[in-house]
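What follows is a short report on a single structure.
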Amino acid sequence: MFGLDAPVAVIILVILCGFILPFILNGYLAKSRGKSVILMLLLTCIFSWIVTLILALLPKVEQARLR
């Protein structure tokens, strides 16, 4: 994979999926659920995928319509 040995590629994949992906997902989920993005990213540092699961279960916030 890109000229890397298999163990190095697996380590990079684990780091990407295990540590970086929750931050990307939680930022988007927090914004769409009407929660504080900064607070959710801070909680992601501590609880990681648990915060992602909680945010995914929350209902989306409807955008207010201007008349």
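The values are calculated or read from the model by the stated rules, or taken from the named source; none is laboratory data. Only a predicted model underlies this, so the values are computations on that prediction, with no experimental measurement involved. FYI the Cβ positions are ideal-geometry reconstructions off the backbone, even for glycines, and counts take in every protein chain you see. When the accessible area is computed, the model is the full protein with side chains, heavy atoms only, and any ligands, DNA or RNA have been set aside. Shrake-Rupley method; radii C 1.70, N 1.55, O 1.52, S 1.80 Å.
Summed over segment 20-34, the residues that are in contact (Cβ under 8 Å) with a residue 12 or more places away in the chain and either more than 12 Å from A56 (Cα to Cα) or loosely packed, with under 15 Cβ neighbours inside 10 Å (or both) give a count of 3.
Under the condition of being open to solvent by 70 Å² or more (accessible area, probe 1.4 Å) and hydrophobic (A, V, I, L, M, F, W, C), the residues counted in segment 35-58 number 11.
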